[in-house]
Amino acid sequence: MSDRKNVALRLGVLAFVSVLVQIAGVAQIHVFGVGFDLAPLVVAAAGFLTGALSGALFGFGVGLFLDLAYVQTLGVFALVFCLVGYTAGRVRELRAPEAPFTPLALGAAATAVASCGYAVLEVILGVTSPVSLQLVRDILVGIALNSLIAVPVYSIVRRWLIPALPEDPRRRRRRAYTTGGLSPLSRP
Amino acid sequence: MLALLVVISLILITASFGGSGGGALHTVQSGFLDVLSPVETVASKILTPVHDLINAVDDVVHASSQRDQLRRELAAANKEIATLQAGKHASADAAKLQRIDSTLQLAPDGPVDATVIAQPAGVWVSNVTINAGSSAGVHTNDPVIDPDGVIGIVATVAVDSSVVTLINDPSAGVTARDSVSREIGVIGPKPGSPGELQMQAVSRPSEVKVGDLIVTAGEQATAGASFFPADVPIGVVKAAATSSSGVITVSPAADLSSLDTVQVLTAVPRP
């Protein structure tokens, strides 16, 4: 199986499992009255690891899956997560951040963009509930909660996708040092 | 590619939002839900212990604050219930007082409503303090009644309160009449029985029977004493006079150990 097909297959399985876990399990866990949201974390992690185009496609698929599962206006989650996946991929392509807190910042940013984007779309579509302090509080608590699980989620997604991805430059560099062949210190 | 996905999303949103509930997209969603539901059910059963455990931890974390909140709510509710019950009790008493005023035509006697604000504990206590004084028109020796009948006379008057001597005090001296035989006597405390009264100075005590209602006679018992309007209930004959003692025992109509709303008759005509 080619690498691209392997990546697509793994992304498909990841989308299905993550949405199922989100709907059947994670959505029912409430802390401070707010639930965890796995979808933006998984989409951002996948986009960050596989690139902007794959991230956009993956986000679109996950969003459409959620739209269908929640029996709501089709395309809302698809649009929001498509943009989240694309943006995460572009961040990796343009900046290639390697700081240890990158997954955490990525998760928080993805959750914020998804929450705000969804709220904006709902308002545009004519949801009559007013923007209240409670809504702002829920969004902020949601971002904080998702930040807590952002690192393990990123780690799981990376572990799942990494075998199908082209070799990671960082891994290659680390291996080079440990084998002793290319380390400047080991040179005569 | 991104633009294409965005356009597809927008088309889906437009079609889904603009379409009626029975449209093609809705059918697709329903069909998808039919397919997904069994999988979702299985996944939910598998994940139930996990989210139950996490929710239980969250519940434990919040249990303390929830307990405090519930305690505050309970205290507020109890306070509200007490207020409502007091209001209900007061309004019931007020209604009964109004009825007795109406029945006995006490309106010309200047009834002033008051509440007992101090009632010393103990069986031998024979006075209470009420929250009406000279500012409300209360005078010394004004008769005081409650919804059940006579309770006493005003002994001391302050600006906003008064002390009432109850009818079980030896100094009260209320003239009374048997409502059946029309025999007249004087009501006073029964020695050794703080919860009961006795009727003395009856000319024909054998005429007074057990169960007769004793009411105020409307006559002054001693010079300078209060002048109760006639026919206000005092009590019921509990034991008739014996040939040896001639003492008639009367059970007071009002519960003198538990007084709340009372009425002072401030304009009783005096001789």
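The values are calculated or read from the model by the stated rules, or taken from the named source; none is laboratory data. These numbers come from a predicted model, not from an experiment. Don't worry about glycine lacking a Cβ; one is built from the backbone with ideal geometry, like all the others, and counts go over all protein chains shown.
Of everything in the range B:108-143, what is modelled with pLDDT under 80 and either under 23 Å from the mean Cα position of the chain (by Cα) or not assigned by TED's automatic domain parsing to the domain that holds residue B:231 (or both)? Give them in sequence order. Walk me through it before giving the result.
Initial filter on the range B:108-143 (modelled with pLDDT under 80): B:118-126.
Result: B:118, B:119, B:120, B:121, B:122, B:123, B:125, B:126.
Are any residues in the range A:94-142 modelled with pLDDT of 85 or more and touching a strand residue (DSSP E or B) at 6+ places or on another chain (Cβ under 7 Å), and if so, which ones?
A:141, A:142, listed by residue number.
Do we find that residue B:175 is farther than 23 Å from residue B:100 by Cα and without any contact (Cβ under 8 Å) to a residue 60 or more places away in the chain in this structure?
Considered against the rule, which asks whether it is farther than 23 Å from residue B:100 by Cα and without any contact (Cβ under 8 Å) to a residue 60 or more places away in the chain, residue B:175 comes out as no.
Residues being among the hydroxyl-bearing types (Ser, Thr, Tyr) and either surrounded by fewer than 19 Cβ atoms within 10 Å (Cβ to Cβ) or closer than 23 Å to residue A:149 by Cα (or both): count how many of those fall in the range A:62-81. Walk me through it before giving the result.
As a first pass, look at the range A:62-81 and keep what is among the hydroxyl-bearing types (Ser, Thr, Tyr): A:70, A:73.
Next cut, either surrounded by fewer than 19 Cβ atoms within 10 Å (Cβ to Cβ) or closer than 23 Å to residue A:149 by Cα (or both) only: A:70.
Adding up the residues that qualify gives 1.
All but one of (1) surrounded by 10 or more Cβ atoms within 10 Å (Cβ to Cβ); (2) more than 8 Å from chain A (Cβ to nearest Cβ); (3) farther than 18 Å from residue A:74 by Cβ hold for residue B:35, so report the exception by its number.
(3)
Look at residue A:151 and say whether it is in contact (Cβ under 8 Å) with a residue 60 or more places away in the chain and surrounded by fewer than 21 Cβ atoms within 10 Å (Cβ to Cβ).
So residue A:151 fails the test.
Go through the residues of the range A:28-41 one by one and say whether even a single one is within 9 Å of chain B (Cβ to nearest Cβ) and polar (S, T, N, Q).
yes
When residue A:40 is evaluated against the numbered criteria (1) surrounded by fewer than 23 Cβ atoms within 10 Å (Cβ to Cβ); (2) touching a Ser or Thr at 6+ places or on another chain (Cβ under 9 Å); (3) within 19 Å of residue A:114 (Cα to Cα), which criterion, by number, is the only one it fails?
Against the list (1) surrounded by fewer than 23 Cβ atoms within 10 Å (Cβ to Cβ); (2) touching a Ser or Thr at 6+ places or on another chain (Cβ under 9 Å); (3) within 19 Å of residue A:114 (Cα to Cα), residue A:40 comes up short only on (1).
Only one residue in A:91, A:84 is aliphatic (A, V, I, L, M), more than 9 Å from chain B (Cβ to nearest Cβ), assigned to a helix (DSSP H, G or I) and surrounded by fewer than 23 Cβ atoms within 10 Å (Cβ to Cβ). Which one?
A:91
Please go through (1) out of contact with any helix residue (DSSP H, G or I) (no Cβ under 9 Å at 6 or more places or on another chain); (2) within 9 Å of chain A (Cβ to nearest Cβ) for residue B:41 and return the number of the only condition it doesn't satisfy.
Status for residue B:41: all satisfied but (1).
Would you say residue B:100 is in contact with a Leu (Cβ under 9 Å, 6 or more places away or on another chain), in a helix (DSSP H, G or I), more than 11 Å from every other protein chain (Cβ to nearest Cβ) and farther than 26 Å from residue A:77 by Cβ?
Criteria met by residue B:100.
Would you mention how many residues in the range A:1-37 are part of a loop (DSSP other than H, G, I, E, B), in contact (Cβ under 8 Å) with a residue 60 or more places away in the chain and surrounded by 19 or more Cβ atoms within 10 Å (Cβ to Cβ)? Can you show your working first?
First pass over the range A:1-37, keeping only residues part of a loop (DSSP other than H, G, I, E, B): A:1-2, A:25, A:29, A:32-33, A:36-37.
If we keep only those that are in contact (Cβ under 8 Å) with a residue 60 or more places away in the chain too, we end up with A:32-33, A:36-37.
After this cut, where a residue has to be surrounded by 19 or more Cβ atoms within 10 Å (Cβ to Cβ) as well, the list is A:36-37.
The total comes to 2.
Considering only the range A:1-27, how many residues are closer than 19 Å to residue A:156 by Cα, aliphatic (A, V, I, L, M) and more than 10 Å from chain B (Cβ to nearest Cβ)?
Result for the range A:1-27: 7.
Within the bounds of the range A:178-187, is there any residue that is surrounded by 10 or more Cβ atoms within 10 Å (Cβ to Cβ) and either modelled with pLDDT of 90 or more or in contact with a Leu (Cβ under 9 Å, 6 or more places away or on another chain) (or both)?
Looking through the range A:178-187, none of the residues is surrounded by 10 or more Cβ atoms within 10 Å (Cβ to Cβ) and either modelled with pLDDT of 90 or more or in contact with a Leu (Cβ under 9 Å, 6 or more places away or on another chain) (or both).
Residues A:78, A:108, A:112: which one is in contact (Cβ under 8 Å) with a residue 40 or more places away in the chain, part of a helix (DSSP H, G or I) and aliphatic (A, V, I, L, M)? Outline the logic, then answer.
Numbers: A:78 fails: in contact (Cβ under 8 Å) with a residue 40 or more places away in the chain; A:112 fails: in contact (Cβ under 8 Å) with a residue 40 or more places away in the chain.
Just a single option satisfies the conditions, and that option is A:108.
Rundown of residues vs (1) under 16 Å from residue A:72 (Cβ atoms); (2) surrounded by 14 or more Cβ atoms within 10 Å (Cβ to Cβ), yes/no style:
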residue	(1), (2)
B:1	no, no
B:15	yes, yes
B:24	no, no
B:42	no, no
B:55	no, yes
B:62	no, yes
B:69	no, no
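Answer yes if at least one residue in the range A:139-155 is under 30 Å from residue B:28 (Cα atoms), part of a helix (DSSP H, G or I) and among the aromatic types (Phe, Trp, Tyr), and no otherwise.
Looking through the range A:139-155, none of the residues is under 30 Å from residue B:28 (Cα atoms), part of a helix (DSSP H, G or I) and among the aromatic types (Phe, Trp, Tyr).
With respect to the numbered conditions (1) within 19 Å of residue B:11 (Cα to Cα); (2) more than 14 Å from chain B (Cβ to nearest Cβ); (3) of a type outside the set (Gly, Ala, Ser), which one is the sole condition not fulfilled by residue A:97?
(1)
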